[in-house]
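Encoded as structure tokens, the structure appears first; notes follow it.
The values are calculated or read from the model by the stated rules, or taken from the named source; none is laboratory data. Quantities reported herein were computed from a predicted structural model and do not represent experimental measurements. Cβ placement follows ideal geometry from the backbone for every residue including glycine, while neighbour counts extend to all protein chains displayed.
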Amino acid sequence: MRRAFADTELGQIHYAETGAGDPVLFLHETPRSWDQFRDVLPLVGQQRRAIAMDTVGFGDSCDPRDDAITIEAYAEGALMLIDQLGLERVDLVGHHTGGVVAIEVAAAAPERVGTLVLSSTPLVESAFREAHEGKPLGVDEAERSAGGEHLTELWGQRLPHYPDDSAELLERYLIDALKSEEHAAGGHAAVTAYEMEPRLELVRSEVHLIIGG
């Protein structure tokens, strides 16, 4: 597994990769990082060049600009990484927030995207936006405390979303959530504000859906 940084106009974007062949880029959910696909990359890397990036504001990538906490800006960062890696065309795999970002990448640059795999990706239409307006954004916020109670709170928020005996996965989530700091709420807000309907019409890729998880 190789890890590196790519210099872009947004700042340094961190990524991990393994394998060789046709490239596939993995895009994580909020508030995760490339680590969400840590166990998947070696499997895909047996036949493909498997790459997982940290979205701007998450993992080890740079902090976003004030105007860069949007799905469009996240997608711009992904395209900048694709350019820096010298890739003409990639397949995209996105989970939740990452799936929404993948849709925007495919809409903004349809000639750069082959197959699109969307896992547990919300359909962000007007009804979705209205239903989430004014509601708490995600389950990834807890006020820091000297006694460390915020660590237990973050753990408890995510516990219902993980299978039993998943302590290691929760630890990896918690590390990502702490590193993202205030950007977690921004990531959730970016999904809620995204106007997906007109962008879907621009997607020309073959699309595969994974429901649940």
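Name the single residue, out of those in region 55-93 being over 13 Å from the mean Cα position of the chain (by Cα) and β-branched (Val, Ile, Thr), that is nearest to Ser180 (Cα to Cα).
Ile82
Would you mind stating whether Gly98 is part of a strand (DSSP E or B) and crowded, with 21+ Cβ neighbours inside 10 Å?
On the way: part of a strand (DSSP E or B): no; crowded, with 21+ Cβ neighbours inside 10 Å: yes.
The answer is no for Gly98.
Pick from Leu169, Leu123, Leu154, Leu159: which is surrounded by 17 or more Cβ atoms within 10 Å (Cβ to Cβ) and of a type in the set (A, V, I, L, M)? Lay out the reasoning, then the answer.
Working: Leu169 fails: surrounded by 17 or more Cβ atoms within 10 Å (Cβ to Cβ); Leu123 fails: surrounded by 17 or more Cβ atoms within 10 Å (Cβ to Cβ); Leu159 fails: surrounded by 17 or more Cβ atoms within 10 Å (Cβ to Cβ).
Going through Leu169, Leu123, Leu154, Leu159 in turn, the sole match is Leu154.
Is it fair to say Ala107 is modelled with pLDDT of 85 or more, in contact with an Asp or Glu (Cβ under 7 Å, 6 or more places away or on another chain) and aliphatic (A, V, I, L, M)? Show your work before the answer.
Working: modelled with pLDDT of 85 or more: yes; in contact with an Asp or Glu (Cβ under 7 Å, 6 or more places away or on another chain): no; aliphatic (A, V, I, L, M): yes.
No; evaluated as a whole, the condition is false for this residue.
How about region 1-22: which of its residues are on the phi > 0 side of the Ramachandran plot and within 19 Å of the chain's Cα centre (by Cα)?
Matches in region 1-22: Gly11 only.
Inside region 112-131, can you point out the residues that are of a type in the set (Val, Ile, Thr) and within 13 Å of Ala193 (Cβ to Cβ)?
Going through region 112-131, the residues of a type in the set (Val, Ile, Thr) turn out to be 113, 115, 117, 121, 124.
The one that is of a type in the set (Val, Ile, Thr) and within 13 Å of Ala193 (Cβ to Cβ): Val124.
In region 101-110, what residues are crowded, with 24+ Cβ neighbours inside 10 Å and either hydrophobic (A, V, I, L, M, F, W, C) or in contact with a strand residue (DSSP E or B) (Cβ under 9 Å, 6 or more places away or on another chain) (or both)? Let's see the steps before the verdict.
Initial filter on region 101-110 (crowded, with 24+ Cβ neighbours inside 10 Å): 101-106.
Val101, Ala102, Ile103, Val105, Ala106, listed by residue number.
Which ones in region 160-213 are modelled with pLDDT of 90 or more and of a type in the set (Phe, Trp, Tyr)?
Correct list: Tyr194 only.
Within region 179-195, how many residues are touching a residue at least 12 places away in the same chain (Cβ under 8 Å) and surrounded by fewer than 16 Cβ atoms within 10 Å (Cβ to Cβ)?
Step one: of region 179-195, the residues touching a residue at least 12 places away in the same chain (Cβ under 8 Å) are 179-180, 183-195.
Retained after the next criterion (residues that are surrounded by fewer than 16 Cβ atoms within 10 Å (Cβ to Cβ)): 193, 195.
Summing the residues that are touching a residue at least 12 places away in the same chain (Cβ under 8 Å) and surrounded by fewer than 16 Cβ atoms within 10 Å (Cβ to Cβ) in region 179-195 gives 2.
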